[in-house]
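One structure below.
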Amino acid sequence: MILPLILLYVISLVYLAITERFRNFASIMALQGWLLFLVALVRLHAIHPAELAFIACETLLFKGVLVPALLFAVIRKTGISRVRTSGSSQFRSLLLSFAALVVSVSVTYLVADASADRLFFGVALYALLSGLVLIVMRTRIFSHMVGFLTIENGVFLFSTAIGVEMPLLINAAILLDILMSVLMLGLFFTKIDRTIHAIDADSLTRVKD
Amino acid sequence: MIIYLLASILVAAAAFVVRGRRTLYAVGALFYAVQLALLTVLCCGAAPQSQAGGLFVFDAPGTLFYGLLTLVSIYAFHHSEAYLKASDIGHLRTYSGLMMLLTTAIAGAYFADNLAVTWIFLEATTLCSAGLIYYRRTAPALEAAWKYLFVCSTGIAMAYLGILLLAGASHGGSLGYAAVGAALPGANPLYLKIAFLLILTGYSCKMELFPLYTVGVDANFAAPAPASALISTGLVNAGFLAILRVYKLYAATEVFPWVRGVLLAAGVLSLGVGALFLRRTNNYKRFLSYSTVENMGIAAIGLGIGGAGVWAAVFHVVCHTLVKSSLFLQMGVVRQVYDGYRINRLGDYMRINRVGAVGLMAGMVALVAFPPSPLFVSELMILSEAAATERWWLLALLLLLTCIVIYSFCSRMIRLCYQPNQDQLHPSGVDRALSWSALSLLVAALVIGFWQPALLQRIITEIATL
């Protein structure tokens, strides 16, 4: 049951690298939220029912509904729809994404450690690298936020692998999600666009040497 | 510890709702009374070491750095009172409340005895610091706050992935430092290396170390000078202590030489970046921030060399706290006079504020590690250890970069004190009492340069023991 979900999750990461429409970014974030909700349900069925209910509800409401809704709201408010000034071509992004995938698979193979689920480890590593590729290769601040959310989702996925023994870890990951994502999206939504009128990271150049 | 956290958070929350300045200062006094009460309890050894079911520990490193944090935070709060006297009460109470929350979060990170708890408190410092950086509500302040929030969040998420890897390596038991340390020696080396890289990269944004040092520089630039004093010392120390605790976890593993190599590389790169940007920047606060990057680079090199270098690194960070906070507070007075920090335009400070100028010149002597600076002791120990381990390339590089730092510092500070001033002076004039106050921190550092008390030596030895 887990494997198809994880595979779908990996495909969504590959798609993130090639899509240029922000609506697609938001939709993929919603899809990942739902996938993580299902993974958490399947993976954590052994923990205390109250904790499982809390984690599942948080994942669904926050990652599956609230974050995508905020992303769509940002798209509507700023009126930007696609990565117009991409720092690289789609082909290069795809190439980098595949390179990240190869690195993740290789490292996972080399680690060969039974102490953590290797599948989760590899996918989390790929999510981390995919997020970093998005942040580094794209110039729009919106893409950077999606990159950060991608990293966060990867971290959350890996926490579900470890969290069977330590639910505290998943709760801490949830804390990260709620505090930082809402604060960053809120700051972008209410301040950055209105005060600085900046949608490209390149235009954030007031603070420099 | 829980009582301390509750009391501090409640007092800080009260600061957000007070109506008058006098009440705000009274709340500030109450907050620091709580801090001093905890410090007294720690110094008397009246509390058990393990706290809150093993989540916190009152150990030597936590106590030493907490003492420094309390000292710097009291100075920063006192200076803020004068520095921000023109601000409206709404902004001032937010600022004061955030300063108190930041102090509490840093203290939590110092005393955390669990990887996840350390991470949670470091995450909390991001939120408090971002509020302080955005204090002026200007476009540059917003940009700096956004960058700080974004980069720290990304870094801290990466660090969390590293912590999860360590949790996996410790076979799902506890995330307490002792339990993880006991489980790591048998773990997969590649697994441990990836975990360390992620944690170091993530926490580097707090320690202002390569690679994520830039956000710290921007934060210090945008925040009010007293807040910069706290961020550039107390918060940086939290990052250092978090990395030091992880470093000690790795001491018994087979990848420890590799870990030291990584710290050495990060340290040399930080020192290089700091030294080069000290020449390039045209803003005195950014200048001091790059000096922090450079000094944290030296501390990381100390950890990387190992042996006596670890002792020197801890001592370096302790003394840097006193020197750098003094200089940032002096810069607060400089801003009162000139209403800015532009290096190419400010001058004649020796005539305008002799006490402040002497404080800056003495701070310069301390930071470039001329005797009797305490940093001379630590840097000499690191150089000696590099020579003793026959790392001649490192020795040459350290000497070269230190020369660049000395030249940059001397030229910039002498320019501020003696070159003809090209800016209009700010009508608020000079508050020499603040210059004297900042100077007292520097005097404390210079005293440590002459004479290191046996108690301090013993505590640092305990911290540096792997």
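The values are calculated or read from the model by the stated rules, or taken from the named source; none is laboratory data. No experiment lies behind these values; they were computed from the predicted model shown. For neighbour counting, all protein chains shown are included, and Cβ atoms are generated from backbone atoms with ideal geometry for every residue, glycine included.
For the stretch B:422-466, what are the residues that are of a type in the set (Val, Ile, Thr) and either at pLDDT 85 or above or within 19 Å of the chain's Cα centre (by Cα) (or both)?
Result: B:Val443, B:Val447, B:Ile448, B:Ile459, B:Ile460, B:Thr461, B:Ile463, B:Thr465.
So which of B:Leu209, B:Leu192 ends up being buried (at least 24 other Cβ atoms within 10 Å of the Cβ), away from chain A (no Cβ under 14 Å), on the phi < 0 side of the Ramachandran plot and not in a strand (DSSP E or B)?
B:Leu209
Identify all residues within the stretch B:34-78 that are out of contact with any helix residue (DSSP H, G or I) (no Cβ under 9 Å at 6 or more places or on another chain) and either over 24 Å from B:Asn114 (Cβ atoms) or surrounded by 17 or more Cβ atoms within 10 Å (Cβ to Cβ) (or both); write none if there are none.
B:Thr40, B:Cys44
For the stretch B:164-181, which residues satisfy the criterion of being at the interface with chain A (Cβ under 8 Å from one of its Cβ atoms) and modelled with pLDDT of 85 or more?
B:Leu164, B:Leu165, listed by residue number.
Yes or no: B:Leu92 under 22 Å from the mean Cα position of the chain (by Cα) and either surrounded by fewer than 24 Cβ atoms within 10 Å (Cβ to Cβ) or closer than 17 Å to B:Cys205 by Cα (or both)?
no
Looking at the stretch A:124-161, which of the residues that are facing chain B (nearest Cβ under 10 Å) and small (Gly, Ala, Ser) is nearest to A:Phe72 (Cα to Cα)?
Looking at the filtered set, the residue picked out is A:Gly147.
Which residue out of B:Leu264, B:Leu230, B:Leu244 is farther than 24 Å from B:Phe56 by Cα and assigned to a helix (DSSP H, G or I)?
Checking each option against the conditions leaves just B:Leu264.
Table: residues versus (1) at negative phi; (2) buried (at least 19 other Cβ atoms within 10 Å of the Cβ).
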site: B:Ala369; (1), (2): no, yes
site: B:Trp392; (1), (2): yes, no
site: B:Leu395; (1), (2): yes, no
site: B:Cys403; (1), (2): yes, no
site: B:Tyr407; (1), (2): yes, no
site: B:Leu434; (1), (2): yes, yes
site: B:Ser437; (1), (2): yes, yes
site: B:Thr461; (1), (2): yes, no
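If you check B:Leu184 against the conditions, is it touching a Phe, Trp or Tyr at 6+ places or on another chain (Cβ under 8 Å), more than 7 Å from chain A (Cβ to nearest Cβ) and farther than 30 Å from B:Leu98 by Cβ?
yes
Can you tell me how many residues in the stretch B:234-258 are over 30 Å from B:Cys128 (Cβ atoms) and either within 13 Å of another protein chain (Cβ to nearest Cβ) or touching a residue at least 40 places away in the same chain (Cβ under 8 Å) (or both)?
6
Could you check the stretch A:1-101 for helices (runs of 4 or more DSSP H) lying wholly inside it with 2 or more residues that are basic (Lys, Arg)?
A:22-43, A:67-78
Mind checking whether some residue in the stretch B:191-209 is of a type in the set (A, V, I, L, M, F, W, C), touching a His at 6+ places or on another chain (Cβ under 9 Å) and closer than 19 Å to B:Tyr290 by Cα?
So far as the stretch B:191-209 goes, no, none of its residues is of a type in the set (A, V, I, L, M, F, W, C), touching a His at 6+ places or on another chain (Cβ under 9 Å) and closer than 19 Å to B:Tyr290 by Cα.
Residues that are free of Cβ contacts under 8 Å to residues at least 40 places away in the same chain, closer than 28 Å to B:Leu165 by Cβ and β-branched (Val, Ile, Thr): does the stretch A:64-87 have at least one?
Within the stretch A:64-87, none of the residues are free of Cβ contacts under 8 Å to residues at least 40 places away in the same chain, closer than 28 Å to B:Leu165 by Cβ and β-branched (Val, Ile, Thr).
In this structure, is B:Thr154 touching a Leu at 6+ places or on another chain (Cβ under 9 Å), more than 10 Å from chain A (Cβ to nearest Cβ) and within 30 Å of A:Leu187 (Cβ to Cβ)?
No: the conditions fail for B:Thr154.
Take the stretch B:120-148 and flag every residue that is more than 8 Å from chain A (Cβ to nearest Cβ) and of a type in the set (D, E, K, R).
B:Arg136, B:Arg137
Residue check, A:Ile178 against (1) within 7 Å of chain B (Cβ to nearest Cβ); (2) at pLDDT below 85, all met but one. Which one?
Evaluating A:Ile178 over (1) within 7 Å of chain B (Cβ to nearest Cβ); (2) at pLDDT below 85 leaves (1) as the failure.
Out of the helices (runs of 4 or more DSSP H) lying entirely within the stretch B:324-393, which hold 3 or more residues that are at pLDDT 90 or above and not basic (Lys, Arg)?
Passing ranges, in order: B:354-367, B:374-388.
Please give the number of the condition A:Leu52 fails out of (1) within 19 Å of A:Leu35 (Cα to Cα); (2) modelled with pLDDT of 85 or more.
(2)
May I ask you to list the residues in the stretch B:135-154 that are surrounded by 23 or more Cβ atoms within 10 Å (Cβ to Cβ) and not aliphatic (A, V, I, L, M)?
B:Glu143, B:Trp146, B:Tyr148, B:Phe150, B:Cys152, B:Ser153, B:Thr154
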